[in-house]
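For reference, the structure discussed in these notes is given below.
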């Protein structure tokens with residue numbers, strides 16, 4: 001695990017030294033800024049009529065925009081993690097240094113998760129802006145950000161696994177987008193299947209949409225924590241196995 | 001420093017390395033020679049801990065590479081064949097990263113990187129982004145990478161591949177220097193490379209060991225390829241006499257080296273089947289036949305095959321296998 005720090009630092013460096021990171025962050029902040037502006041505008045003109053939702057809830061829950069940016073940004077963030085190193089051969093230098101597969105996988109994951117958090121960090125400003133005009137329930141804000149972190153962590157973990165099973169960055173990108181979109185659509189099945197059926201239970205258990213709505217209204221359900229916990233740990237585990245498996249290929 | 005015992009490496013059902021055993025002792029510079037696709041890179045990758053082995057044991061500095069992989073990798077500096085780097089990093093940044101990965105303690109890291117850059121001759125490009133470097137420099141950065149932390153053992157996969165003659169000379173110079181402090185195992189498919197920098201050589205072909213020893217020992221394996229005779233008398237009669245000897249497949253006149261009247265030189269080639277003893281007997285017969293025809297023999301000397309021919313002989317029989325395995329290696333890596 002001592003190899004964690006150098007690889008973590010290098011991954012962050014590699015990400016931020018290329019234009020890719022800055023393009024992604026810019027796109028992300030543009031979309032979120034627009035989203036925020038529309039919401040505030042909406043709430044300002046609607047006045048007292050909508051009282052069951054706060055701008056904060058609307059920003060994180062019940063909005064397709066949140067997922068759109070995630071579908072758009074997560075795959076390009078994770079696609080290069082392993083695919084690039086395998087294509088260019090640098091993986092050979094990396095794995096012949098005294099490092100462990102777990103150390104490499106965790107370091108790369110931590111780096112991409114850090115980037116994700118850095119991407120969201122500026123949106124805290126929106127809360128500061130909202131506070132100028134009214135009260136903010138900080139518990140709800142915290143739970144909403146927890147939700148964003150958990151969903152992102154799960155998606156990033158899946159993305160890293162996709163990057164580990166192919167040498168092509170493009171294929172990793174497509175696979176990641178497909179998998180997280182499929183997971184999302186399966187979750188939406190909650191609203192189209194009949195209540196009481198097994199299918200409905202399955203769908204509602206994996207329903208990212210419903211989870212985010214809960215988180216956005218300040219509900220932290222332990223079942224969600226377990227779900228996202230496994231969504232992070234399982235792909236990580238398989239990634240470590242995949243990295244080990246290259247040796248025997 | 002390296003002990004390879006009955007190493008077998010399969011890719012699926014294809015065998016890339018087949019029951020290979022050899023040793024590299026401390027302080028040696030050993031050349032690992034073989035045609036392209038003989039299994040050189042595969043073997044080195046196994047030694048470096050990048051590929052797992054199918055069966056057999058490999059020990060690096062006394063550490064079994066499957067059981068004590070960390071210890072083994074820490075004792076070894078490895079330079080992969082294509083010398084891959086992260087193109088976006090500066091040379092010194094990259095080497096610092098490598099030093100940290102190789103667990104050079106924080107206080108010594110700067111020094112270790114500086115020393116490695118000195119030995120590999122890349123100090124002048126320390127602050128250049130690796131993606132902008134020429135092939136020769138990138139190769140030397142790879143060497144510096146292998147040297148960071150001064151591991152006792154260096155494993156270099158084709159360190160001069162793709163370089164121009166001047167660069168090749170530079171790299172060989174560096175390797176000779178390194179040989180004084182490190183144990184070196186370097187692979188190559190170029191014979192002169194081994195002659196230039198190695199104290200011992202291990203030759204493989206088709207994944208199998210075909211020869212091992214010092215350059216002199218290998219050179220002694222050269223068999224005589226033919227016979228060179230100088231005779232005084234009728235040239236046509238001499239050629240006819242030589243062609244009549246069993247074991248000689250070709251007899252061609254050569255320009256004589258003296259100006260003496262009626263003196264001719266003939267070069268004969270042995271048939272491929274001839275072993276050393278039979279060649280000696282055929283020599284006796286040839287001289288006898290010449291004398292029997294009334295010609296005067298001034299000189300009869302064996303023609304040794306060149307090292308290149310020997311290399312071809314040692315590895316040639318397996319060239320077809322090797323070509324097939326080359327493709328597999330590409331597919332597998």
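What follows is calculated from the coordinates using simple rules that are stated; it is not laboratory data. All figures in this text were calculated on a predicted structure; none of them were measured in a lab. Virtual Cβ from ideal backbone geometry, glycine too; neighbours counted across all protein chains shown.
Just need a number here: residues in the stretch B:148-175 that are assigned to a helix (DSSP H, G or I) and within 13 Å of another protein chain (Cβ to nearest Cβ).
At the first step, the residues of the stretch B:148-175 found to be assigned to a helix (DSSP H, G or I) are B:165-175.
From what's left, within 13 Å of another protein chain (Cβ to nearest Cβ): none.
Number of matching residues: 0.
Residues checked against (1) surrounded by fewer than 18 Cβ atoms within 10 Å (Cβ to Cβ); (2) part of a strand (DSSP E or B):
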| site | (1), (2) |
| --- | --- |
| B:17 | no, yes |
| B:44 | no, no |
| B:66 | yes, no |
| B:77 | no, yes |
| B:86 | no, no |
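Show me the helices (runs of 4 or more DSSP H) found entirely inside the stretch A:1-116 where at least 2 residues are more than 21 Å from the chain's Cα centre (by Cα) and within 14 Å of chain B (Cβ to nearest Cβ). Before you say what the answer is, go through the steps one by one.
Numbers: elements: A:4-17, A:19-46, A:55-60, A:64-78, A:80-88, A:90-96.
Fully inside the stretch A:1-116 and qualifying: A:4-17, A:80-88, A:90-96.
Here is a check on your reading of the model: is residue B:92 in a helix (DSSP H, G or I) and free of Cβ contacts under 8 Å to residues at least 60 places away in the same chain? Show your work before the answer.
Values: in a helix (DSSP H, G or I): yes; free of Cβ contacts under 8 Å to residues at least 60 places away in the same chain: yes.
Yes.
So residue B:122 fits all but one of (1) within 30 Å of residue B:3 (Cα to Cα); (2) crowded, with 21+ Cβ neighbours inside 10 Å; what number is the exception?
The single condition residue B:122 does not satisfy is (1).
Among residues belonging to the stretch A:235-249 that are in a helix (DSSP H, G or I) and either without any contact (Cβ under 8 Å) to a residue 40 or more places away in the chain or within 15 Å of the chain's Cα centre (by Cα) (or both), point out the one that is nearest to the other protein chains (Cβ to nearest Cβ).
Residues of the stretch A:235-249 in a helix (DSSP H, G or I): A:235-246.
Still in the running and either without any contact (Cβ under 8 Å) to a residue 40 or more places away in the chain or within 15 Å of the chain's Cα centre (by Cα) (or both): A:235-237, A:241, A:245.
Numbers: A:235: 23, A:236: 21, A:237: 20, A:241: 14, A:245: 9 Å.
The selected residue is A:245.
So if I check each of A:188, A:208, A:192, A:232, which one is in contact (Cβ under 8 Å) with a residue 12 or more places away in the chain, more than 14 Å from chain B (Cβ to nearest Cβ) and over 17 Å from the mean Cα position of the chain (by Cα)?
Details: A:208 fails: over 17 Å from the mean Cα position of the chain (by Cα); A:192 fails: in contact (Cβ under 8 Å) with a residue 12 or more places away in the chain; A:232 fails: over 17 Å from the mean Cα position of the chain (by Cα).
Going through A:188, A:208, A:192, A:232 in turn, just one is in contact (Cβ under 8 Å) with a residue 12 or more places away in the chain, more than 14 Å from chain B (Cβ to nearest Cβ) and over 17 Å from the mean Cα position of the chain (by Cα): A:188.
It is to be established whether one or more residues within the stretch B:17-26 are free of Cβ contacts under 8 Å to residues at least 24 places away in the same chain, under 27 Å from residue B:193 (Cβ atoms) and away from chain A (no Cβ under 14 Å). Lay out the reasoning, then the answer.
We begin by selecting, within the stretch B:17-26, every residue free of Cβ contacts under 8 Å to residues at least 24 places away in the same chain; these are B:23.
Still in the running and under 27 Å from residue B:193 (Cβ atoms): B:23.
Now restrict to residues that are away from chain A (no Cβ under 14 Å): B:23.
Yes, that holds for at least one residue.
How many residues are at the interface with chain A (Cβ under 7 Å from one of its Cβ atoms) and under 33 Å from the mean Cα position of the chain (by Cα) when one looks only at the stretch B:86-97? Before you say what the answer is, go through the steps one by one.
Filtering the stretch B:86-97 for residues at the interface with chain A (Cβ under 7 Å from one of its Cβ atoms) gives B:86, B:88, B:97.
Remaining after also requiring under 33 Å from the mean Cα position of the chain (by Cα): B:86, B:97.
Final tally of qualifying residues: 2.
Can you tell me which condition residue B:111 does not meet? The list is (1) away from every other protein chain (no Cβ under 13 Å); (2) in contact with a strand residue (DSSP E or B) (Cβ under 7 Å, 6 or more places away or on another chain), and all the others hold.
Unmet for residue B:111, out of (1) away from every other protein chain (no Cβ under 13 Å); (2) in contact with a strand residue (DSSP E or B) (Cβ under 7 Å, 6 or more places away or on another chain): (2).
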